[in-house]
1. What pairs can you find where one residue is in the range B:224-251 and within 11 Å of chain A (Cβ to nearest Cβ), the other is among the aromatic types (Phe, Trp, Tyr) and assigned to a helix (DSSP H, G or I), and their Cβ atoms are less than 8 Å apart, with a gap of 6+ or different chains?
2. Out of the residues in the range B:45-66 that are of a type in the set (Gly, Ala, Ser) and within 13 Å of residue B:15 (Cβ to Cβ), state the one that is modelled with the lowest pLDDT.
3. Among the residues of the range A:56-92 satisfying the criterion of being within 25 Å of residue A:211 (Cβ to Cβ) and of a type in the set (Val, Ile, Thr), which is nearest to the other protein chains (Cβ to nearest Cβ)?
4. May I ask you to list the residues in the range B:180-199 that are in a helix (DSSP H, G or I) and in contact (Cβ under 8 Å) with a residue 12 or more places away in the chain?
5. Would you be able to say whether some residue in the range B:204-214 is modelled with pLDDT of 95 or more and not in a helix (DSSP H, G or I)?
6. Can you find even one residue in the range A:113-124 that is free of Cβ contacts under 8 Å to residues at least 60 places away in the same chain, of a type outside the set (Lys, Arg) and not in a helix (DSSP H, G or I)?
7. State whether one or more residues within the range A:22-29 are surrounded by fewer than 18 Cβ atoms within 10 Å (Cβ to Cβ) and in a helix (DSSP H, G or I).
8. Could you tell me whether the range B:35-58 includes any residue that is surrounded by fewer than 15 Cβ atoms within 10 Å (Cβ to Cβ), touching a residue at least 12 places away in the same chain (Cβ under 8 Å) and part of a helix (DSSP H, G or I)?
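The values are calculated or read from the model by the stated rules, or taken from the named source; none is laboratory data. Just so we're clear, the structure is a prediction, and the values are computed from it rather than from any experiment. In this analysis, Cβ positions are derived from the backbone assuming ideal geometry, glycine residues included, and neighbour counts consider all displayed protein chains.
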Amino acid sequence: MERHFDDELQLLHKDILKMGALAQEAIYKSVEALKIRDKSAAEEVIKGDSEIDRLEVDIDEKCIDLIARHQPLASDLRFITTGMKVNSELERIADLAVDISQRVLELADKPLLKPLIDIPKLSTVSQDMVRDAIDSFIKKDAGLAKKVVLSDSEADKLRNYVQNELVNDYMAKDASTADRAVPLLLVARHLERICDHATNIAEDVVYMVEARIIKHHTEKLE
Amino acid sequence: MDNQAKIKAENINFFYGKAQALKDINLGMHANEVTAIIGPSGCGKSTFIRILNLMYELIPNARLSGRIFLDGENILGSNIDPVDIRKRVGMVFQKPNPFPKSIFENISYGLEVNGIRDKNFIEEKVIESLKKAALWGEVKGRLRDSALRLSGGQQQRLCIARCLAVEPEVILFDEPCASLDPISTGKIEELILELKKYYTIVIVTHNMQQAARVSDKTAFFLLGELVEIGNTKEMFTAPKDKKTEAYITGRFG
């Protein structure tokens, strides 16, 4: 049977898709701004965050309204509660893109400390994870979501490389490099946090599709 | 089979004339639990609970096979007194049906027909039943008033008190809140949650949220078959059967 409720769920779906696109764009722009030391691109990301904040509130209100009016059950309930969680994760991801952009502003006028190698790798991993996490939600694809969860260790590994290099090869040897090394260290940290949020989205998607909570238990992936 | 069940249906088949209303139902209902039975109109859920207290016997051309165990004893056996079973397995109906008598007499009547003559005992039992049914506070000053002057929600609680007075073990509720407003419904639901501490409760309801709020187990009936029985929490978040999912999300039909 066709339900009017399905049209409302479809609108929610669209909004979350839009939120995902905006968050992905924010990460992409902030990472590109870092690579080419583009202050105006970084400022654009910072400015653009208010639209994402507004959309987050809109989506939350939509979810609360759907719960209040329809008292959804089963797969409808799992979709809406997951949508609410995915919404906050995406908003946090966009905030981290803002954090990266602020680091870009700190670094832009200073000479480059070193050529960036692992940070671009980490940014690729984080963008892939966010893209796949959003795709898994849109397509209700638990297999893809599980792949995202498993990618998180790669992000942790890259973050550790960056951290060890900046601390041991630069800051420990020459304290004057700290004002350029610390922002880079933070960028790596922000990117790694983005991966954590992508992982959270993916775990929520597994719940939405399979009604199984795998959070904090990666052994439940199989 | 479920040997821990207080009351248990085994291979129940039921016919109204040639039409089969229940198909091979196996379902156990446990003490101190609320079992909700949900399903679209005509799925056999009311028929099923009417079999549990032998009320099907009153239906012309009805035919039944299978067994119903109450505390392990088959109550469909020929040596069973249905009146005795209906005392042990009480029923509360959709529409409150108090007798056109006083509040007091509505409850004392059941005791008197059971041969109890001790007036003090009867009075104590009336008060105790009204208290258990969460009605005492509202009627204590007017026990001799006609029951028909009570509100719908109060009448329904009076019917519950009447059922409790004869000390049942199982209470069957057939859509007990269908004709009540949300406040009265809330009171009945609170009462059901309180009563489950002492009784085995089975409730037929069309209200999905009501089943979700009050029951521990939920059984979904469709076209005379038991499609799925499970913990209520799982049935309403992640039902196993696609038909259950379609029904509770309103995609059915």
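1. Once the first residue is within 11 Å of chain A (Cβ to nearest Cβ) and sits in the range B:224-251, its partners that are among the aromatic types (Phe, Trp, Tyr) and assigned to a helix (DSSP H, G or I) give B:248/B:236; B:250/A:5.
2. Quick first cut of the range B:45-66, residues of a type in the set (Gly, Ala, Ser) only: B:46, B:62, B:65-66.
When the remaining residues are screened for being within 13 Å of residue B:15 (Cβ to Cβ), the result is B:62, B:65-66.
Details: B:62: 91, B:65: 95, B:66: 96.
Here the residue is B:62.
3. A:81
4. Filtering the range B:180-199 down to residues in a helix (DSSP H, G or I) leaves B:182-195.
Of everything in the range B:180-199, those that are in a helix (DSSP H, G or I) and in contact (Cβ under 8 Å) with a residue 12 or more places away in the chain turn out to be B:183, B:184, B:185, B:187, B:188, B:189, B:190, B:191, B:192, B:193, B:194, B:195.
5. Scanning the range B:204-214, I find at least one residue that is modelled with pLDDT of 95 or more and not in a helix (DSSP H, G or I), so the answer is yes.
6. Looking for residues that are free of Cβ contacts under 8 Å to residues at least 60 places away in the same chain, of a type outside the set (Lys, Arg) and not in a helix (DSSP H, G or I), one finds at least one in the range A:113-124, hence yes.
7. yes
8. The answer is yes, given that some residue of the range B:35-58 is surrounded by fewer than 15 Cβ atoms within 10 Å (Cβ to Cβ), touching a residue at least 12 places away in the same chain (Cβ under 8 Å) and part of a helix (DSSP H, G or I).
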